[in-house]
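Let me begin by presenting the structure, written as structure tokens, before commenting on it.
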Amino acid sequence: MFTDADPFSDEDFERYERELPGALRAAGDTFPGPSSDLVARGLARGRQRRRFRTLRRSALAAVLVTASVAGWATAEGVFDSHSGPADRTGAPWVTDAPRDLVPLLAKAVPSDGQLTNSYSYFAAGSPRVLRSQAEVMATYTTASGSSELGVLISRPVPGSRDDSDAYCDETLSKSECSRSPEPDGAVLTTRRTIKDKGDSTDPLQLWRALYTRPDGARVDVRASGDYLVVGDIAGVSGLNMEQIAAIARSASWEPVGAAVATPEQQVTGLVPALLRSGARVASADGSSSTSEFVVDTDSETHRLNVSVDSGPIEVCPPAAPKADSTAGTCEMVKLSDGTSARIDRARTAQGRYAPWALTAFRAHGLRIRFEQDQSSESKRDKSTSFAGPSMLQDQVKAIAASPRWDAP
């Protein structure tokens, strides 16, 4: 899955740019008929994706709450990763969700420009809980200049961090941020931000239009480039705000908006809905694919981290850790619906078990990770950290076995 996390520093990327051409040409010598612009296209795509990641980090203005998918044991190198059975496909389904979003962007932009360096990502063939957002990016060029264009389609949970950018802070002027409700229930939010472009004397302009449709689907269009005035209309390298808003309003995005997960189908919505009697969610915080919950039961208050991703089954190693080891334990189990799951328990230096984690390996490659935080408290003794079997762990097993995770 495409992510904001950038493992490369600027120095790493510069070294990559220097070394990549020679490596590609050396590899191409053994194959007939190499593409003459392979190196140039590869470098252009790398720069474009790196710029887009930087653009998203600057634009979203939200702190990403993460929960470890690999878990404590994998992070410490205790367990090896093994591929699961090849038939984890589940029941086949038919979906009209588009897979290539570049043609949709081409329909949405003004016709006097050209798209290059385009790229899109949408997990159209995955369970809906993994289809929390779709994104497409490209360089848009007109006679007046070029801008980096990105479109993100999602259905944010109301009040969540992902939802915050559709609202204007009171400290911002109307020219910096404007929110306009519309008669049909839709809302258009526009933002103008100036970002430092490094050594260049001209600042980078970041203009956005977030259009929340009446059905809750949101199209977030971001254009980044130099500030230009064409005639008496100001804009960002070939696009003014009216054009950016028109891209967000385009009917081209309707099938994408219909295919992304609703708040009820995302982690933040599924976990509270699947809790059985005796437990309730006191608070939740996170993104569409990763959330942290505070769960109350009659006797304890727990912190529960839940995240989803796609990947193979990771089985326990053949030799289980010794009972007196601080490495913890690992156990492969079957949930009530037959789903394979792995239970990891870390052991502290004092010999106590915490935290408890369960990873469920569902159909279509879906992996769900539940991790009970070490700071869970007993309501009977607030100073005691709860580490043994609990009602919450039984709840987690039931939640992980729900077919609602597999919704197409």
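The values are calculated or read from the model by the stated rules, or taken from the named source; none is laboratory data. What you see is a predicted model, and the numbers here were worked out from it, not measured in a lab. Every residue, glycine among them, receives a Cβ derived from its backbone with ideal geometry; neighbour counts consider all protein chains shown. The area values use the complete protein model at the heavy-atom level, side chains included, leaving out ligands, DNA and RNA. Shrake-Rupley method; radii C 1.70, N 1.55, O 1.52, S 1.80 Å.
Descriptive notes on the structure:
- Any chance E314 is touching a residue at least 40 places away in the same chain (Cβ under 8 Å), acidic (D, E) and open to solvent by less than 30 Å² (accessible area, probe 1.4 Å): no
- Considering the range 183-210, and only residues there that are modelled with pLDDT under 65 and either acidic (D, E) or in a strand (DSSP E or B) (or both), the residue that is surrounded by the fewest Cβ atoms within 10 Å (Cβ to Cβ) turns out to be D199.
- Put simply, of E331, E314 the only residue that is within 17 Å of A357 (Cβ to Cβ), at pLDDT 90 or above, more than 28 Å from the chain's Cα centre (by Cα) and not small (G, A, S) is E331.
- Search result, residues across the range 129-164 that are open to solvent by 40 Å² or more (accessible area, probe 1.4 Å) and outside any strand (DSSP E or B): A143, S144, P158, G159, R161, D162, S164
- Filter result for A261 (open to solvent by 50 Å² or more (accessible area, probe 1.4 Å) and at pLDDT below 95): no
- Neighbours by Cβ (under 7 Å, 6+ apart or cross-chain): first from the range 165-190, charged (D, E, K, R); second part of a loop (DSSP other than H, G, I, E, B) and open to solvent by 20 Å² or more (accessible area, probe 1.4 Å): D165/A61; R179/Y167; R179/C168; D184/P214
- For the range 165-177, a residue qualifies if it is touching a strand residue (DSSP E or B) at 6+ places or on another chain (Cβ under 8 Å) and open to solvent by 20 Å² or more (accessible area, probe 1.4 Å), and the qualifying residues are Y167, C168, D169, S175, E176.
- Only listed residue being assigned to a strand (DSSP E or B) and under 20 Å from the mean Cα position of the chain (by Cα), chosen from A258, A284: A284
- For A106, the conditions (1) within 21 Å of the chain's Cα centre (by Cα); (2) in a helix (DSSP H, G or I) all hold with the exception of (1).
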